[in-house]
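Worksheet: the structure to be examined is printed underneath.
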Amino acid sequence: MIAKKVLLVRNFGVGKTSLIRRFVLNEFSEDYISTIGVRISTKILNVEEEEMKLLMWDVAGTSDDEKIPKAYFLGASAAMYVVDLNREETYINVDAKI
């Protein structure tokens with residue numbers, strides 16, 4: 001089995017937890033629950049007849065002046081920057097955080 005670490009990162013309240021819950025559990029809740037630290041969820045997929053385990057890291061939201069600890073990115077295969085298109089402040093400086 002192949003294992004891949006995937007991080008979802010960016011501002012508070014943009015929907016990172018909701019995206020992971022929908023993808024992993026096929027559930028949705030309108031309740032807002034703030035993530036503290038990191039919450040890791042697992043999803044097993046079959047890709048080209050091979051099992052792949054995705055470790056989905058739901059990283060606590062940051063404000064514009066905070067940076068995500070570099071240690072979180074160690075061993076990651078991907079990072080998804082999640083933004084809210086209704087809140088310009090969540091996407092205008094995405095490239096500054098990379």
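What to note about this one:
- Subset tally (residues that are of a type outside the set (K, R) and either more than 15 Å from the chain's Cα centre (by Cα) or open to solvent by 90 Å² or more (accessible area, probe 1.4 Å) (or both)) for the stretch 23-64: 22
- For the stretch 10-20, filtered to residues that are open to solvent by less than 80 Å² (accessible area, probe 1.4 Å) and assigned to a helix (DSSP H, G or I), the residue that is nearest to L85 (Cα to Cα) is K16.
- First in the stretch 82-93 and open to solvent by less than 80 Å² (accessible area, probe 1.4 Å), second anywhere and aliphatic (A, V, I, L, M) and at pLDDT below 90, Cβ under 8 Å, 6 or more apart: V82/V9; V82/V14; V83/V14; V83/V94; D84/V14; R87/V14; T90/V14
The values are calculated or read from the model by the stated rules, or taken from the named source; none is laboratory data. Since the model is a prediction, treat every value here as computed from it, not as a measurement. Glycine also receives a Cβ, built like all others from the backbone with ideal geometry; neighbour counts cover every protein chain displayed. All accessible areas refer to the heavy atoms of the entire protein, side chains included, with ligands and DNA or RNA removed. Shrake-Rupley method; radii C 1.70, N 1.55, O 1.52, S 1.80 Å.
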